[in-house]
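The values are calculated or read from the model by the stated rules, or taken from the named source; none is laboratory data. Quick caveat: nothing in here was measured; it's all calculated off a predicted structure. Cβ placement follows ideal geometry from the backbone for every residue including glycine, while neighbour counts extend to all protein chains displayed. The protein model used for the area step is the full one, side chains on, heavy atoms only, and it has no ligands, DNA or RNA in it. Shrake-Rupley method; radii C 1.70, N 1.55, O 1.52, S 1.80 Å.
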Amino acid sequence: METLQNLLGINLGFFVWKLICVIALVVPLTIFVAYVTLAERKVLGYMHARLGANRVGPKGLLQPFADLLKFIFKELLVPTKASSKIFTISPMIILICALVTWAVVPLSPTLVFTNVNASLLYVVAISSLGVYGIVLAGWAGNSKYSFLGGVRATAQMISYELAMGFALVGVLMVSGTLNLIDIVKYQSVGMLGGSILSWNFIPLFPFFLVYLISGVAETNRAPFDVCEGESEIVAGFFVEYSGTTFALFMLAEYVNMVLVSTLTALMFLGGWLSPFPASWGIIGTANMAYLVLKVCFLLFGFIWYRATFPRYRYDQIMRLGWKVFLPITLVWIFVLGAWMVSPLSIWH
Amino acid sequence: MLQTVFFYAFSIVLVLSALQVVLAKNPVQSVLFLVLAFVTSSCLWIMLNVEFLALTLILVYVGAVMVLFLFVVMMLDIDIETMRKGFWKNLPLAICLGLVILVEMIMVLVTKPVVVYKMSQTDATLSNSNQIGWVLYTQYSYPVELASLILLLGLVVAVALTLRSSEKNAKYQDISKQVAVSSLGRIEMVKMQAEKPEIEGE
C-alpha cells in the first residue's frame, strides 16, 4: 500500500490498493461459490444414490463454468407491462447486498478488508437490505406467481431476522463487543480458555440452534423455500427472469449461504481457532484453514437439510419463527444474564 | 477535500430523492425513493462518525419498517387521479403545517441541544456504540423505559385488535394435535373379497 501511495499520491494510491483488495476478495469468493453449486449437485446426487453432474471436465469439475456460459448466451426477456427499470435493478440489489457484506467479514485476525468497530451491526444491517431485491423482483415481473413468491419471502425474512437478532444478542452479551475479530478472540479466553469448550456454541447452545435454523430460513433454502415452491408458484419471485439475471439470483443465494455459514463459524464455532490444545504444534495454532473447514462443514449441512427435510407449510414457518424461536431466545437472554452475574459465570 | 465532495454528493442525492418521494407518480416508486433518502442520510451520519446511529437507521427503518411499508403499498390499488382531486382545497392547510414544521426545525437548530452528554476521561477509548449504551442506560434510563413501555402498549393493542378468541365460530389449527395424529386414527383397513361372486345366468 505504501509503495502505491508513493507512486500515485495518497488518495489515488489508497483507492487503487482497495480496488486490488476487492478483486482479491471477490474473485476467490465467486470461484468458491461456483464450486458450492457443483458440490450441492454432487452431494445431493450421492444422497439420492445417483452420480450428479459428471460430464463436463474431469469428474464434472468444469460444470459451473459451463452453466455460466449457458446463462450468458441466453436471451434476456422482460415481460410486457413489467416495470423494466426495477425489473433489471432488483437482481443487482440482491447480489450487491450479498457481496458488500463481505467488506467487514474477517478471515483471520489480520486478513480483513476493513476492520470497523460495529462490524456485526454492519453485517446485520446490510443483509437486511437484501430482501428489497426479492420483493421488488416479485413485484416488477407483473406476474401473480412471482408476486406471491415475493410476499412470502418478505414475511419470512422479517420474521426470522428477529430471532436471528436476538440470538446475536446472546453473543454480544458474552463478548461485549460488536467487532467480529474481538468476538472470535473472546472465545479463546475465559475460565475454559483455549479449549473447544469455550467456543460460544456450547455455553450458548440454544442461541446456536436458533441462529443455525434461522440462517437457513433467512437464505430461503430448503426446508424453508416456500417463496420458490415449485409445486405451488412455479419458481417464486424469479419466475420471470432468464439468462444472466437468473444467474445473478442463483449467485446471490449461494453467496448468502457462504456468508451465513461464515458468520455462524465466527460467532459460535470459534472462527479460526483450533479445536486442539496449543501444545500440539502446527495443528494446535489458530489458522485460517480451520475457518474454511468449519464453513465447508456448515455448507454441507445446508445441502444435507435440503436432501433430508420436506418443505415446511407456510403457517408452520410463521409459527416456528414467532411462537417458538422468539420466546426461546427472549427467555435465554434472561437466563444468560443471570448466569453471567452469578458466581458460576465462565466468562471472567 | 474528498470529504466535502462526498458530503455534497450525498446531500444532493438526499434532497432529490426526498423531492421524488412527493413527486413520483407511482406509490411504489415513492417508497423506493424514501428508502434511498434513508440510506443516503445514513451515509451522511457515517461521515459524522456516528456509526451506531447510521447502521441502526438502516437496520430498523430500511430493513424492517420500509419493507412492511412497501409490502402494504404493493397490495393497495391506489388511484392517483382521485387522490389529486383535493390538491387545491388542501393546499392552505398543507402550507400552514409545513411552516409549523419548518419553524420547529429551525428552533431545534438555533437553540442549544437539550441532550448534553458529559464525557468523562475514560470514555475516550470506548467505541461509539458503547458510549451510546452508557448514556442511554445511565443518564437517560427513565426516558428509555418510558419509550419502551409505549412501544409495548402499541404491541399489545395490535394483538388485541386482531385476537379472535372471543368469537365462537373462529377456527384454529391445534398444531400439537396435528402432529400427534397416528395413522390408526385416520385409516381404516377393510377386508374385501378379491372377486365378486358371479351373478347367475350370465
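Inspect all residues belonging to segment A:137-155 and state whether any of them is outside any loop (DSSP other than H, G, I, E, B), open to solvent by less than 10 Å² (accessible area, probe 1.4 Å) and closer than 13 Å to B:GLY63 by Cα.
Looking through segment A:137-155, at least one residue is outside any loop (DSSP other than H, G, I, E, B), open to solvent by less than 10 Å² (accessible area, probe 1.4 Å) and closer than 13 Å to B:GLY63 by Cα.
Of these, B:LEU97, B:LEU34, B:LEU109, which one is within 14 Å of chain A (Cβ to nearest Cβ) and open to solvent by 50 Å² or more (accessible area, probe 1.4 Å)?
Exactly one of B:LEU97, B:LEU34, B:LEU109 is within 14 Å of chain A (Cβ to nearest Cβ) and open to solvent by 50 Å² or more (accessible area, probe 1.4 Å), namely B:LEU34.
Among (1) more than 8 Å from every other protein chain (Cβ to nearest Cβ); (2) under 17 Å from the mean Cα position of the chain (by Cα), where does B:THR40 come up short?
Every condition holds for B:THR40 apart from (2).
Out of segment A:314-348, which residues are touching a residue at least 24 places away in the same chain (Cβ under 8 Å), open to solvent by 60 Å² or more (accessible area, probe 1.4 Å) and in contact with a helix residue (DSSP H, G or I) (Cβ under 9 Å, 6 or more places away or on another chain)?
Those that are touching a residue at least 24 places away in the same chain (Cβ under 8 Å), open to solvent by 60 Å² or more (accessible area, probe 1.4 Å) and in contact with a helix residue (DSSP H, G or I) (Cβ under 9 Å, 6 or more places away or on another chain): A:TYR314, A:TRP322, A:ILE328, A:LEU330, A:TRP332.
Would a scan of segment A:20-27 turn up a residue that is open to solvent by 80 Å² or more (accessible area, probe 1.4 Å) and away from chain B (no Cβ under 14 Å)?
Yes - at least one qualifying residue is present in segment A:20-27.
Looking at segment A:93-136, which of the residues that are assigned to a helix (DSSP H, G or I), of a type in the set (Gly, Ala, Ser) and open to solvent by less than 10 Å² (accessible area, probe 1.4 Å) is farthest from the other protein chains (Cβ to nearest Cβ)?
A:ALA98
Identify, please: which residue in segment A:62-89 is within 14 Å of chain B (Cβ to nearest Cβ) and open to solvent by 90 Å² or more (accessible area, probe 1.4 Å) and is, among those, farthest from A:LEU129 (Cα to Cα)?
A:LYS81
Keeping to segment B:79-106, report how many residues are outside any helix (DSSP H, G or I) and over 27 Å from the mean Cα position of the chain (by Cα).
Within segment B:79-106, residues that are outside any helix (DSSP H, G or I) and over 27 Å from the mean Cα position of the chain (by Cα) number 2.
Inspect segment A:168-189 for any residue being within 12 Å of another protein chain (Cβ to nearest Cβ), small (Gly, Ala, Ser), in contact (Cβ under 8 Å) with a residue 60 or more places away in the chain and touching a helix residue (DSSP H, G or I) at 6+ places or on another chain (Cβ under 8 Å) and give the result as yes or no.
Checked against the condition, which is being within 12 Å of another protein chain (Cβ to nearest Cβ), small (Gly, Ala, Ser), in contact (Cβ under 8 Å) with a residue 60 or more places away in the chain and touching a helix residue (DSSP H, G or I) at 6+ places or on another chain (Cβ under 8 Å), segment A:168-189 yields no hits at all.
Scanning segment B:57-73 for residues that are more than 7 Å from chain A (Cβ to nearest Cβ) and open to solvent by less than 40 Å² (accessible area, probe 1.4 Å), which turns out nearest to A:ALA118 (Cα to Cα)?
Result: B:LEU57.
Restricting attention to segment B:1-20, does a residue exist that is part of a loop (DSSP other than H, G, I, E, B), within 12 Å of chain A (Cβ to nearest Cβ), open to solvent by 60 Å² or more (accessible area, probe 1.4 Å) and of a type outside the set (S, T, N, Q)?
yes
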